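Each remark here refers to the structure printed beneath this line.
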Amino acid sequence: MEFQVTTIQPPSIEAEELLAFFRCRRLPYLDRLGPIQAKLPPEDLLEQWRRDRQALVAKIAEQFPGKQVAPGNEAVLAAMSQGLRYIYGGQIEAELFIEREAAVDITALELETELSKDPRHLPRIPDFTDSADPTTATPDSFLTSEFQAIRVSSCFDLILQDQPLPAKGQRYLRYLPAQIRIGKRPKPEYELLLALQAELLGTLQGSTPKRGILILQGGKWHTLYLGRRQQQLRQLIREYLLTLDQPDPPQVFMARSRCHLCHWRAHCRQLNAASQPLSLLPGVTGSRYPLLQEAGIESVEDLANAHLETLQAIPKLGSAVALQLKRQACATLTQQPVWIQREPLPKAPVEIYFDIEADPRHNVAYLLGLLVVEPAEGTDVFRYHSCLATTPAEEGDIWQQFLHLIEQYPEAPIYHFHGFEVQTCQRLGQQYNTNPRRLRQLLNRFVDLHDRVQRSVVLPIESYSLKNIARWLGFEWRLPDANGAQSIYWYSRWLETQDREFLERSLIYNEDDCRATHRLKDWLGKSADLNP
C-alpha cells in the first residue's frame, strides 16, 4: 500500500498587513479580498508621506553609513557575519509559533509607548548580557500548549549592531531592529511592529532583542522596550488569521481620524449603510452598538421610536448619551434638525470669518484666511484677505499682518469652526512674543460655531464636520475633492516646485472654508431669530 504525504504549508502574512490590521480590522481583509473596482486611488498626501519617509531613510543612511542589502535571510546573515554596524533594507522571513488559545483582548490593553528617559539625537544602544528573552516564541516555549506555525516576513528599515562582541557560544553579533518614520511622536503600532521584527531577528541570531529603536522626524532616536508587547503581538496575529477565515469583512465603525485617507472609505460606508445603518449614526460607537443590540434596537427607526426611559435604563449607556442618541436618531429619521436650545449670536455691523491652513510636516501655519462681511447699501459685501507665508520662515510676518488686519475691525466678532484656530493663535502669540493683553483681547472675540452647533441643535448628518454641515445647508466647495489633507499636500508641493498653482488651490479652498463658516452662522442666526 502506498501512502501519499501531503505537506500543509503554514499561513503566511507580511508585517505591513498586520500593522494595517492593527489600525483597522477591515483594511487587510479588503486589500486581499475586496472588489478592486471599489478601491479609490491613493490620496496625494499619502504619496507625499511616502516620499518624505524615503528622504528621511536616505538622510539617516548618510549620517550613519552602512550596507544596503538585498531582501532575504541569507543577505542579512551575510551582513551580520561581517560585523557591519548598520544594515539597511534587509527582509527576514521566518516561522513563528503562536498559541492557538486567545489569551488577551488586545483592544482592552493600554498601548502607551515607553520611551527611554533620555531620548537623543544620536542612538544610545543598550548592552544586553541576557542570553535569551523569556518572551521569545520558540517551539520549546510551547511544550505544554498547542501552537500554530505562522510564516511571517518583514522589511527592515535598519538593523544595527547592539553588542561589540558575540556572547559565548553565539555565532553572530547581536543586532537590534530600527524603524524610521516621519511622525513627531512614537505610536503603539510601531512598537508592535518592532516587537515582531525583534522576533524575526531572533530567529537568525539566536536571541530576541528586548528593545528596538524608533527614529522619528528630525532624526530623533527613541529606545523602546518591547517585552510587554509579545503577548499583544500574538493575540493580534491570532485575530488577524481568524478574520481572513471569515466569509465577510469584519464590522467596523467608521471614524474620520482613521478613515478619511483610506482607499476603501467609500466602499466601507456603502457596506455599513446596507448592513448596519445604525453604525453610521453619530454617537453610535463600537462600544455602544452592542449595548443597543442587546436592548433589541437594531435600526435608526428602533432608536428614534424607543422610549427615553428604556434607553436610559440600558446598563453602561448613561442618561446623557441615551438622550443624545435618541435625538440624533429622530433627526436622521425625519431628515429635520432637532433643536436643543436656540442661542442668539453676537450682532455687529461687521463680521469676520476665520480659517487657518497649517502644514505639520513643516510645522507652520502658512495661511490665515479672513472673510470680512460688511453691510453696504442694503446688501452684504464680502472681502477675502489671505495672510500667506510663501515659506515657513514667514510665519511670524503673516501673524503680524493678521493682527494688524483684524484690529482694523475691533468690534467685529470672529467666527470660526472648532478649536484649531484658537489653539494656533495661542501658539503664534506665545511664539512671536505678542503682548498677552493684545492676545487676550483677540481670543475674547472668537465664536466657535462647532461648539454652538453641539449645544444648540442635532442635525440629520453622519458627522459634524464643517463640510458635512455646510453641504447639508446647500453650500458647495469650488474644488469638490479638496480637504485639509489635500491642502497640506499642495503647500508641500509649492515648497518643492514653486508652482504657484498649488498655492492658488490652497487659497480657493481656504476662502471656501470661510464662506462655508458664514453660511453656517447665517443659518444658525436666522433659526435663533425665528424661535428664540
Return yes when Gln423 is part of a helix (DSSP H, G or I), out of contact with any Cys (no Cβ under 6 Å at 6 or more places or on another chain) and surrounded by fewer than 15 Cβ atoms within 10 Å (Cβ to Cβ) and no when it is not. yes
Taking region 26-59 as the region of interest, how many residues are basic (Lys, Arg) and open to solvent by less than 30 Å² (accessible area, probe 1.4 Å)? 1
Can you say whether Asp359 is modelled with pLDDT under 95, open to solvent by less than 70 Å² (accessible area, probe 1.4 Å) and within 29 Å of the chain's Cα centre (by Cα), as far as the supplied structure shows? yes
Of the residues in region 279-317, those that are without any contact (Cβ under 8 Å) to a residue 24 or more places away in the chain, in a loop (DSSP other than H, G, I, E, B) and of a type in the set (Val, Ile, Thr) come to Ile297, Ile314
Exactly one of Ser299, Ser279, Ser275, Ser287 is open to solvent by less than 20 Å² (accessible area, probe 1.4 Å) and not acidic (Asp, Glu), and that residue is Ser279
Among (1) under 28 Å from Arg361 (Cβ atoms); (2) open to solvent by 10 Å² or more (accessible area, probe 1.4 Å); (3) not aliphatic (A, V, I, L, M), which single condition is Gln270 missing? (1)
State all residues of region 329-355 that are open to solvent by 10 Å² or more (accessible area, probe 1.4 Å) and within 29 Å of the chain's Cα centre (by Cα); if no residue qualifies, say none. Thr332, Asp355
Which pairs turn up if I take residues in region 352-365 that are over 17 Å from Asp448 (Cβ atoms) and look for partners that are at pLDDT below 95 and in a strand (DSSP E or B) with beta carbon separation below 9 Å, at least 6 apart in sequence or on another chain? Ala365/Asp359
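Here's the yes/no breakdown for (1) modelled with pLDDT of 90 or more; (2) among the hydrophobic types (A, V, I, L, M, F, W, C); (3) under 20 Å from the mean Cα position of the chain (by Cα); (4) open to solvent by 90 Å² or more (accessible area, probe 1.4 Å):
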| residue | (1), (2), (3), (4) |
| --- | --- |
| Cys24 | no, yes, yes, no |
| Asn73 | yes, no, no, no |
| Gly83 | no, no, no, no |
| Gly89 | yes, no, no, no |
| Val104 | no, yes, no, no |
| Ala108 | no, yes, yes, no |
| Lys117 | no, no, no, yes |
Looking only at region 367-393, filter to residues that are of a type in the set (Gly, Ala, Ser) and surrounded by 11 or more Cβ atoms within 10 Å (Cβ to Cβ); which one of those is farthest from Tyr509 (Cα to Cα)? Ala389
Can you work out which of the residues in region 428-444 that are open to solvent by 40 Å² or more (accessible area, probe 1.4 Å) and touching a residue at least 24 places away in the same chain (Cβ under 8 Å) is nearest to the chain's Cα centre (by Cα)? Gln431
Per the filter on region 180-206, residues open to solvent by less than 10 Å² (accessible area, probe 1.4 Å) and not in a helix (DSSP H, G or I) are Ile180
What are the residue pairs meeting all of these: first residue in region 190-203, first residue among the small types (Gly, Ala, Ser), second residue in a helix (DSSP H, G or I) and open to solvent by less than 10 Å² (accessible area, probe 1.4 Å), Cβ atoms under 7 Å, and 6 or more apart or on different chains? Ala195/Arg229; Ala195/Gln230; Ala195/Leu233
Residue in region 30-40 that is under 16 Å from the mean Cα position of the chain (by Cα) and farther than 30 Å from Arg85 by Cβ present: no
Failed condition for Leu242, given (1) hydrophobic (A, V, I, L, M, F, W, C); (2) within 23 Å of Leu19 (Cα to Cα); (3) in contact (Cβ under 8 Å) with a residue 24 or more places away in the chain, with all others met? (3)
Region 12-23, residues that are outside any helix (DSSP H, G or I) and in contact with a helix residue (DSSP H, G or I) (Cβ under 6 Å, 6 or more places away or on another chain): none
Identify, please: which residue in region 214-231 is within 23 Å of Glu95 (Cα to Cα) and buried (at least 20 other Cβ atoms within 10 Å of the Cβ) and is, among those, modelled with the highest pLDDT? Leu226
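The values are calculated or read from the model by the stated rules, or taken from the named source; none is laboratory data. Note that the structure is predicted; figures quoted are calculated from it, not measured. Every residue, glycine among them, receives a Cβ derived from its backbone with ideal geometry; neighbour counts consider all protein chains shown. In case anyone asks, the SASA skips ligands and DNA or RNA and just uses the protein heavy atoms, side chains included. Shrake-Rupley method; radii C 1.70, N 1.55, O 1.52, S 1.80 Å.
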